[in-house]
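Reviewing the structure listed below.
The values are calculated or read from the model by the stated rules, or taken from the named source; none is laboratory data. Only a predicted model underlies this, so the values are computations on that prediction, with no experimental measurement involved. For neighbour counting, all protein chains shown are included, and Cβ atoms are generated from backbone atoms with ideal geometry for every residue, glycine included. With ligands, DNA and RNA removed, areas are computed over all heavy atoms of the protein, side chains included. Shrake-Rupley method; radii C 1.70, N 1.55, O 1.52, S 1.80 Å.
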Amino acid sequence: GDTLDCIVLSDKVLSSGIIVACHPIAIMKQLDRGQQDDKIIAVPVGEALRDLTEAEKQEFIDFYAELARQKNKIIEIAGFEDKNQAVAEIKKATI
């Protein structure tokens, strides 16, 4: 019942609450307190499409580990999948 979240990677500063047309590039498979809470990772239309680097993946893992510590909850990153899986999850969420 939770909404599907999206993390937008951009070289530009994006204001909170704006709508940005994006291309999905990956999905981060995540469990939040034992519940599936995946995150789509996308780039704005017009910016270069690319794959996530290993360094970026580690940054996400470190960020959510710190977030879990601060909120005293359990967040587990189960891995990352490609844009095809991200698109499939978006389609599932819009049905």
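Here are the numbers for this structure:
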{"read-out": "Residue 14 being more than 12 Å from the chain's Cα centre (by Cα), assigned to a strand (DSSP E or B) and within 28 Å of residue 95 (Cβ to Cβ)", "value": "no"}
{"read-out": "Of all residues in the range 1-11 being part of a loop (DSSP other than H, G, I, E, B) and open to solvent by less than 70 Å² (accessible area, probe 1.4 Å), the one that is nearest to residue 74 (Cα to Cα)", "value": "4"}
{"read-out": "Long-range neighbours under 6 Å by Cβ, at least six apart or interchain, first residue of a type in the set (Phe, Trp, Tyr) and in a strand (DSSP E or B) within the range 66-94, second modelled with pLDDT of 95 or more and surrounded by 15 or more Cβ atoms within 10 Å (Cβ to Cβ)", "value": "80/26; 80/28; 80/57"}
{"read-out": "Only listed residue being in a loop (DSSP other than H, G, I, E, B), of a type outside the set (Gly, Ala, Ser) and in contact (Cβ under 8 Å) with a residue 24 or more places away in the chain, chosen from 31, 52", "value": "52"}
{"read-out": "Any hit, the range 35-43, residues being at pLDDT below 95 and open to solvent by 60 Å² or more (accessible area, probe 1.4 Å)", "value": "yes"}
{"read-out": "Residue list for the range 36-65, restricted to those being within 18 Å of residue 78 (Cβ to Cβ) and of a type in the set (D, E, K, R)", "value": "37, 38, 39, 54, 56, 57, 59, 62"}
{"read-out": "Count - residues of the range 45-74 that are under 14 Å from the mean Cα position of the chain (by Cα) and either at pLDDT below 95 or farther than 16 Å from residue 34 by Cα (or both)", "value": "11"}
